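Each remark here refers to the structure printed beneath this line.
The values are calculated or read from the model by the stated rules, or taken from the named source; none is laboratory data. Keep in mind that what you see is a predicted model, and the values were worked out from it rather than measured. Backbone-built Cβ (ideal geometry, glycine too); neighbour counts: all protein chains shown. The area values use the complete protein model at the heavy-atom level, side chains included, leaving out ligands, DNA and RNA. Shrake-Rupley method; radii C 1.70, N 1.55, O 1.52, S 1.80 Å.
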Amino acid sequence: NANAPVAYNRVPKVTVDFWLIKLMAVTVGETAADYLAVNLGWGLTATSLIMTAVLVIAIAIQFSRKRYVPWSYWLAVVLISVVGTLITDNLVDNLGVPLEATTIGFSVALAATFAIWFAFEKTLSIHTIFTTRREIFYWLAILFTFSLGTSAGDLVAETFGLGYFATGVGFGLVIAAISVAYYVFRVNGILCFWLAYILTRPLGASLGDRLSQ
C-alpha cells in the first residue's frame, strides 16, 4: 500500500559514535545518581522517586517519536542509566540485599526479558525496533542491563576487592575480546552486541567511581 505509513527504526545504528556516547551516558548515570543522592543531600529514596518520575516523562516522549530522534533517545538512555543505578543502590543499601543476589537476580530478569522478546518477535535484533511492543522489550532490556551492570561492577570492585580501576580494565578487556570474536571469528552479531552493551555499563560505572574518588 503506497499510502501506508513508513516504519522507521526507533534506535540508532551501531557505530563507533554509538559506543562512545553509550559509554559516556552510563558513566554520567552512575555519577549523577551518587551526586544527587549524596552530594546534594537528596537521599536515596527522594532521588529515586524524582528521577523515576523524570524517566517516565522521557520514555513517554521517546515512545511518541515513532522513529529515532537523537535528543529524546539519548535523554532516555541517560535517565534510565540513573534509575538503573538507583534500583541497585536501593536494593543493596536500603534493603540489605547482597550484591551477589542482585547480580544473579538481574541476570535472570534480563534473560527472561530476552526469552519473552524472542518468543513474541523471533528476533532480538536492534535493527528492527519499529513497533511499540519491540520498543517496550528494548527499553526493559536496557533497564535490566544497567541494573545488572551496576551490580556486577560493584560486586567485582567492592565485594571481590579488585578496586574500580582494575575492574574497569577487566571489563574493558572482555569487551575487546567480544569485538575480536565478532570481527575476526564472525560470532553472532546480536549476541556480541548485547554482551558488549551489558559490559559497557560496569566499565563506565567503574571509570566514573574511580574518577570521583
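Which of the helices in the chain meet the span-like rule: DSSP H, Cα axial reach of 27 Å or more, Kyte-Doolittle mean at least 1.0? The answer, listed by residue number, is 44-65, 70-89, 99-121, 164-183. Peptide packing: for 21-33, 85-97, the average count of neighbouring Cβ atoms within 10 Å per residue gives the ranking 21-33, 85-97, highest mean first. Place a label point 7 angstrom from the Cα of R67 along the Cα-to-Cβ direction, then list the residues of segment 124-161 whose backbone nitrogen is under 13 Å away. None, by backbone N distance to the label point. Applying 0.36 nm per residue to the separation of I116 and I136 and subtracting their alpha-carbon distance, the gain on full extension is 6.0 nm.
Apolar share of the accessible surface for the chain: 71 percent from carbon plus sulfur atoms, 1.4 Å probe.
Taking the Cα centre of segment 24-126 as reference, the dipole from Cβ charges on Lys and Arg (+1) and Asp and Glu (-1) amounts to some 600 debye. Just check segment 16-57 against the gyration tensor rule for me: Cα atoms, a ≥ b ≥ c as the square roots of the eigenvalues, rounded for a/c under 1.5, and otherwise prolate or oblate depending on whether a/b exceeds b/c. Oblate. Listed peptides 182-190, 199-207 appear in the order 199-207, 182-190 once ranked by packing, highest mean of other Cβ atoms within 10 Å at the front. The alpha carbon gyration tensor of segment 130-183 gives principal lengths a ≥ b ≥ c with a/c of 1.5 or higher and a/b no greater than b/c, which makes the shape oblate.
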